[in-house]
Structure formats: C-alpha cells, structure tokens
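Reviewing the structure listed below.
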Amino acid sequence: MTTTVDPYELCAGVPSVEVFRRLRTDAGLSDKAPQAVALALPNTWYGVVLHHEEEPIGMGRVIGDGGTAFQIVDICVHPAHQGRGLGGRIMAALTAELERRAPATAYVSLIADGPARYLYEKFGFADTATHDSIGMYRLMSGSPEGGGSSAEPAV
C-alpha cells in the first residue's frame with residue numbers, strides 16, 4: 001500500500017512583507033507599497049500561509065474590527081499550484097476561524113474577481129446585487145513603492 005504525503009502545509013499567520021508582495025504579484029494581483037504592507041499585516045484578525053516544501057505559495061487573510069465587520073482579503077495561490085483545491089483549503093481555514101470566533105451578527109464581505117466567485121459561493125457567500133446592494137471601492141492614488149499621490153488636483 002502506498003501512502004500519499006500531502007506536500008502542502010497550511011499555517012496560521014501572515015507572511016513577511018516581501019513574501020506578501022511576491023505572493024500577490026505571482027498570482028496576478030496588484031502590488032502594494034512595502035510601507036502599507038508593513039502597517040497592514042500586524043492588523044490581520046486571522047491569516048494563513050500555504051507552504052509547498054517549506055516555500056510559501058499561497059495565503060489569505062481576514063481583516064476587520066473583531067465584532068461587527070470582517071473582510072476576507074489577499075486570497076491567492078501561485079499559478080503553478082492552482083487547480084488543486086488549495087484556494088478552497090485557504091477559504092476553509094478562514095471561514096472556520098470566523099465561525100469559531102466572530103459574533104453571529106457579524107457581516108463578512110469579500111471582493112470576488114472573475115471565476116473566484118464560484119469558490120466563494122461554496123462557502124456561503126452571495127452576490128450583494130441580489131439583495132439590492134452593490135459593492136463599491138476607492139483606490140487611493142499612488143504607486144506601490146511610494147504610497148502617496150503625485151497627481152495634481154483637478155481644478
């Protein structure tokens with residue numbers, strides 16, 4: 001009988017600033033300024049890092065106020081490891097922690113890019129538009145390196 005060893009290990013926590021930025025860009029997500037990432041990571045309510053042979057290849061985080069509002073962010077898996085259910089493992093860990101620690105009346109949101117919506121639907125997330133709501137966003141101006149705006153204000 002052959003025993004298959006799972007080459008992936010999911011660990012609670014957050015990556016370093018450098019690894020966070022690499023994981024995002026490797027997966028096709030936008031880069032973030034190192035200063036912004038350094039501020040953000042310690043404020044993670046719960047996070048996981050997925051390793052393959054001790055190398056970080058995926059992650060996910062929950063951010064929020066700890067009581068009424070939470071958001072799932074930074075879900076990503078390196079393209080070489082996609083299609084193996086690893087995004088589902090990350091989501092399962094995040095939602096399990098939310099179910100364990102978040103108050104029953106908490107609102108949990110996320111932004112679903114493209115076909116990722118089908119993964120999130122498996123974890124009970126629904127399109128807000130069907131509830132007469134729309135998701136909205138605003139990006140602060142600036143480059144990933146600088147973090148500030150160099151644009152002149154419109155007059």
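Spatial offset of the range 1-70 relative to the range 78-105 amounts to 11 Å, using the alpha carbon center of each. Treating r as the C-beta distance of Val5 and Leu29 and R0 as 30 Å, the FRET efficiency rounds to 0.50. For the range 1-74, the pair-distance distribution built from all alpha carbon pairs, in bins 5 Å wide starting at 0, is 3, 15, 24, 23, 16, 8, 5, 3, 2, 1, 0 percent. In this structure, Val19 and Ser109 have a Cβ-Cβ separation that, at R0 = 30 Å, corresponds to a calculated FRET efficiency of about 0.75. Dipole magnitude for the chain: computed about the Cα centre from +1 point charges on Lys and Arg Cβ and -1 point charges on Asp and Glu Cβ, it is near 200 debye.
The mean sequence separation of alpha-carbon pairs under 8 Å and at least six residues apart, normalised by the residue count of the chain, gives a relative contact order of 20 percent.
Full extension of the chain between Arg138 and Glu55 gives 26.6 nm of extra length, using 0.36 nm per residue less the Cα-Cα distance. Contact order normalised by length for the range 29-87, with contacts defined as Cα pairs under 8 Å and 6 or more residues apart; what percent is it? For the range 29-87, the relative contact order is 23 percent. Relative to the Cα centre, the charge distribution of the range 38-128, modelled as +1 at Lys and Arg Cβ and -1 at Asp and Glu Cβ, gives a dipole magnitude of about 180 debye.
Based only on the alpha carbon positions, what is the Kirkwood hydrodynamic radius of the chain, in angstrom?
So the Kirkwood estimate lands at 17.0 Å.
Residue separation of Arg100 and Ala69 scaled by 0.36 nm, minus their Cα-Cα distance, works out to 9.7 nm of gained length. For the range 1-107, the set of GluC sites (Glu not before Pro) satisfying both a DSSP loop assignment and a count of at most 11 other C-beta atoms within 10 Å is given as Glu53, Glu54.
Read the figures in this text as sums done on the coordinates, not as results from a lab. All figures in this text were calculated on a predicted structure; none of them were measured in a lab. In this analysis, Cβ positions are derived from the backbone assuming ideal geometry, glycine residues included, and neighbour counts consider all displayed protein chains.
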